[in-house]
1. Could you tell me whether any residue of the range 44-52 is at pLDDT 95 or above and over 15 Å from the mean Cα position of the chain (by Cα)?
2. Have a look at Val125, Val137, Val114, Val151 and point out the one that is more than 17 Å from Leu45 (Cβ to Cβ), assigned to a helix (DSSP H, G or I) and either at pLDDT 95 or above or not basic (Lys, Arg) (or both).
3. Filter the range 100-151 down to the residues that are under 9 Å from the mean Cα position of the chain (by Cα) and polar (S, T, N, Q), then identify the one that is farthest from Val15 (Cα to Cα).
4. Which condition breaks for Asp39 when tested against (1) assigned to a loop (DSSP other than H, G, I, E, B); (2) surrounded by 13 or more Cβ atoms within 10 Å (Cβ to Cβ)?
5. When both residues are 6+ apart or on different chains and their Cβ atoms are under 6 Å apart, which pairs have a first residue that lies in the range 58-73 and is touching a residue at least 12 places away in the same chain (Cβ under 8 Å), and a second that is surrounded by fewer than 16 Cβ atoms within 10 Å (Cβ to Cβ) and part of a loop (DSSP other than H, G, I, E, B)?
6. Counting only residues that are buried (at least 20 other Cβ atoms within 10 Å of the Cβ) and at positive phi, how many does the range 109-151 have?
7. Do the conditions hold for Arg77, that is, is it in a helix (DSSP H, G or I), basic (Lys, Arg), touching a residue at least 60 places away in the same chain (Cβ under 8 Å) and farther than 16 Å from Glu141 by Cβ?
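The values are calculated or read from the model by the stated rules, or taken from the named source; none is laboratory data. What you are looking at is a predicted structure, and each value in this text was computed from that prediction instead of being measured. Note: ideal-geometry Cβ built from the backbone for every residue, glycine included; neighbour counts use all protein chains shown.
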Amino acid sequence: MGLFNHSEPMQPEPVVPLDRERIKDYLNSQEYNFRTDDDGDVFGLFDGHPFWFFLMGEQEEILQVRGRWRPSVDEGRAVEVAQIVNDWNRDRIWPKAYTRTEDGEIFVYSEVSVDFEHGATDGQVAQALACGLATGVQFFEHLTERLASNV
């Protein structure tokens, strides 16, 4: 029996508005450890890196998965890290990568944002979350390898 040979027609998944419970449901389904802060934002450590799951936009219709590379960047390597980030962004779609200075330290971030203005199926939410996490971790591994090879 082929992939598209079904004896009964498949029912389409419902398209419903995005909310934090759907993010938590996905993370629970994958048995990931996470927490919720006082603002209701969901966050956790994935492969040792902190990731946040934000709902943005006027109707909180934009899902953003934002990760931060665990170590901060030594100021002497800021130009090298910026080049790695630029090369990544030029060659790949996901995640968007960037550096940001916070309290005198340089941090590297990954970010995947998806606009679900018209709602999303559970499968679409799961795919966006999985993409944000997997590509973020992949970028952080790439960054770690590149910096280690240039020591």
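1. So far as the range 44-52 goes, no, none of its residues is at pLDDT 95 or above and over 15 Å from the mean Cα position of the chain (by Cα).
2. Selected residue: Val125, the only one of Val125, Val137, Val114, Val151 that is more than 17 Å from Leu45 (Cβ to Cβ), assigned to a helix (DSSP H, G or I) and either at pLDDT 95 or above or not basic (Lys, Arg) (or both).
3. It comes out as Ser110.
4. (2)
5. From residues that are touching a residue at least 12 places away in the same chain (Cβ under 8 Å), the pairs are Glu61/Glu117; Arg70/Gly48.
6. 0
7. Yes: the conditions hold for Arg77.
Let's see how each residue does on (1) of a type outside the set (A, V, I, L, M, F, W, C); (2) within 16 Å of Ala134 (Cα to Cα); (3) surrounded by 15 or more Cβ atoms within 10 Å (Cβ to Cβ):
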residue	(1), (2), (3)
Val16	no, no, no
Glu21	yes, no, no
Tyr32	yes, yes, yes
Leu55	no, no, yes
Ile62	no, no, yes
Val79	no, no, no
Ile93	no, yes, no
